[in-house]
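K.L.:
Supplied in C-alpha cells, the structure appears directly below.
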Amino acid sequence: MILQPVLHPLLLALLCAVPAFFVSRALVRGPSRGIWALRLGMIVVVFAMLLRPGIPGGTSQTLATDTDVVIVVDTTASIVAEDWAGDRPRIDGVRGDVQAIVDEYPGARFALISFDAAAQLRLPLTTDATALMSSLDVMRPEVTDQSRGSSIGTANRMLADTLSAAAEASPERGRMVFYLGDGEQTASREPESFASSAKFIDGGAVLGYGTTDGGPMRKTTGAGAEAGGYIEYQGGPAMSVIDEDNLRQVSEQLGVEYLLRTADAAIELPEAPTSTTDYSASGEVGNVIELYWIAALALVALLAVEVTLATMSIVRLRGQSTTTSRAKGAAS
C-alpha cells in the first residue's frame, strides 16, 4: 500500500481534526448517537480518500536521453515545388521525414529553425515532439510577392548560436543537426558556411529534396497556396531543381552525411550519440492502481444513509404534527 495525498498528510489531518472534534463531542454528549457516529465515519472516509491510497500495479519503461536535435528546414518557395512522389509538394516529404526523426530519437529535445530570406527560430529546444510537428503543420513558405532571392546558408548564424547555447547550458548532452532543403541558391552572393557549427555537432544528416527535372511552384500568400496559380518564368511555369552539389557542401561543413530523399525509399537515420541512454537501460517506473474510489463509494453510501434517516425523521415529524392537529380539533 502506498499513499499519494493531495496535500501534506499533516495539513489534511489538521483540516479534518476540527470537524472531527465537534462531531466527537456531540457523539459523547448528545442524543442520536447513531447519527453523529455516521457523520464521524464520513470524516474518516473523506480523510482516507484525500490520502489517495493505492497499490503497485505493473511497470512501464521510460526513456532517458541526453540528445538535442536541431532541425533546419528550407521554407523558400521551392519547398512547395511539386516533384515529391510524382506531383506532391516537397514539404510533404519534409514533414514525413521529421516525423521519422522524432520516432527515431524518442525523449530527445527538439528545436526547429526555418529559413528563406531570413532565418527564424520557430521552436526552441523542447521535449514536446507534438509542438514540433504542430509547428511544421502550420509552416508555410515565404510569400511569393516578397521573395527577393535566398541563400542556402542563411541559417548558419542562428544554428551556431542555438548549438552554442545548448552546449554551454548542458555540455554533457549530445547534439544532432538535420538540414532539410533542395540546395537551390537564388541569392547572387556565395552561400554562407556552416563550418562554425561543426564543433558542436555529434551527428545528423543533410536531407535533399527535389529532382533534376524539377517541379513547378505554386504562388503563396501569408495564408498558404493559391489554388491554380503557379510562379511563372519567361512565359511558362518556373521549375525548381535540386542542387546536390550545394547540399553536399553543406554536409561537409557540418560534418554529417548527405542523403537524397525520395518518396519510395525509407529514410536511414544515423544512430544517436553515445551520450544517449538507450531504451533498455533507461529503467522502469512503477504504475499505481488507485484505491481512493473505494473510499468515495463508502462516502456515497454513508451520505445515502444520512439522507434516508433525515427523510424518515421529516416524515415522522410531519405525522406527529398531523396527529397533534387532529387531536386539538377533536378536543375543541
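K.L.:
Using helices alone, what [θ] at 222 nm do you get for the chain, with -39,500 (n - 2.57) per DSSP H run of 4 or more residues, divided over all residues and rounded to the nearest 500?
P.N.:
-13000 deg cm²/dmol
K.L.:
How far is helix 156-169 tilted off the main Cα axis of the chain, in degrees rounded to 10, range 0 to 90?
P.N.:
Roughly 40 degrees between the two axes.
K.L.:
So, one more: I need the fraction of alpha carbon pairs in region 118-161 separated by more than 11 Å, rounded to a whole percent.
P.N.:
Values: 703 of 946 pairs.
For region 118-161, the share of Cα pairs beyond 11 Å comes to 74 percent.
K.L.:
Give the relative contact order (percent, whole number) for the chain; include only Cα pairs under 8 Å separated by 6+ residues. The partial results should precede the final answer.
P.N.:
Values: 587 pairs, mean separation 79.0, N = 332.
Rounded, it is 24 percent for the chain.
K.L.:
Right, another one. What list do you get for MET139, MET1 if you sort them by fewest beta carbons within 10 Å? Write down the numbers at each step before the final one.
P.N.:
Values: MET139 17, MET1 7.
Least to most surrounded, the residues fall as MET1, MET139.
K.L.:
Another question about this same structure. Angle between the Cα long axis of helix 9-29 and the longest principal axis of the chain, 0 to 90 degrees, nearest 10?
P.N.:
Approximately 10 degrees, to the nearest 10.
K.L.:
Shifting gears a bit: Under a 10 Å cutoff between Cα atoms, tell me which one of SER193, SER150, SER24 has the largest fluctuation in the Gaussian network model of the chain.
P.N.:
Sorting by GNM fluctuation, first place goes to SER24.
K.L.:
Can you pull the Kirkwood radius for the chain, inverse mean 1/r over Cα pairs, to one decimal in Å?
P.N.:
This gives a value of 25.4 Å.
K.L.:
Are there GluC sites (Glu not before Pro) in region 169-208 that DSSP puts in a loop and that have at most 10 other Cβ atoms within 10 Å, and which ones?
P.N.:
GLU172
K.L.:
Now a separate question. Which is the longest stretch in the chain that no exposed loop site breaks, taking sites as trypsin sites (Lys or Arg not before Pro) with a DSSP loop state and at most 12 other Cβ atoms within 10 Å? Could the numbers behind the result be given before it?
P.N.:
Details: sites that count: ARG148, ARG189.
Counting at most 12 other Cβ atoms within 10 Å as exposed, the longest clean stretch of the chain is 1-147.
K.L.:
Between helix 292-331 and the chain, what is the angle of the helix's C-alpha long axis to the longest principal axis, kept within 0 to 90° and rounded to the nearest 10?
P.N.:
On a 0 to 90 degree scale, this one is about 40.
K.L.:
Same structure again: Which residue fluctuates most in the GNM of the chain (Cα springs below 10 Å): GLY41, GLY229, GLY96?
P.N.:
GLY41
FYI, it's all coordinate maths here, none of it is from the lab. Remember, it's a predicted structure, so these values are computed and weren't measured experimentally. For neighbour counting, all protein chains shown are included, and Cβ atoms are generated from backbone atoms with ideal geometry for every residue, glycine included.
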